Amino acid sequence: MQSQILQRYPDANLRVYVVWLPVMPLDARFDVADLLVDRRTIHYWDNDQRVSQALADAYGSPGQLVWDAFFVFGPDARWNDGPPHPLETGGPV
């Protein structure tokens, strides 16, 4: 993300929302400031894995976790009752 998109397109009108969540036994909240450094990036910590579960439920994997993945949404996308339909998805990140 940092080198492939943010650095390559520094003037692109976009927002990057990074949701960190504990998945592996040693995962813990840590300083993420050095991982994605760009004024268009906002970091969130989802300790309860709610975002991950909502994405899994919405996109066909109920009861699973979504992690190490990306979702691209259009400029009009809004998360109301659930996540909007993505333009693109993929992983691992």
Q. Would a scan of segment 76-85 turn up a residue that is touching a strand residue (DSSP E or B) at 6+ places or on another chain (Cβ under 7 Å), open to solvent by less than 100 Å² (accessible area, probe 1.4 Å), part of a loop (DSSP other than H, G, I, E, B) and of a type outside the set (K, R)?
A. no
Scanning segment 37-51 residue by residue, those in contact with a Phe, Trp or Tyr (Cβ under 8 Å, 6 or more places away or on another chain) and part of a loop (DSSP other than H, G, I, E, B) turn out to be D46
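Among the residues of segment 54-74, count how many are assigned to a helix (DSSP H, G or I) and open to solvent by 80 Å² or more (accessible area, probe 1.4 Å). It would help to see each step written out before you state the result.
Looking only at segment 54-74, we keep the residues that are assigned to a helix (DSSP H, G or I), and these are 54-58.
Keeping just the survivors that are open to solvent by 80 Å² or more (accessible area, probe 1.4 Å) gives 57.
Here the count works out to 1.
The values are calculated or read from the model by the stated rules, or taken from the named source; none is laboratory data. The structure displayed is predicted, hence computed values, not measured ones. Cβ coordinates were reconstructed from backbone atoms using ideal geometry, including for glycine residues, and neighbour counts include every protein chain displayed. For accessibility, only protein heavy atoms count, side chains too; no ligands or nucleic acids. Shrake-Rupley method; radii C 1.70, N 1.55, O 1.52, S 1.80 Å.
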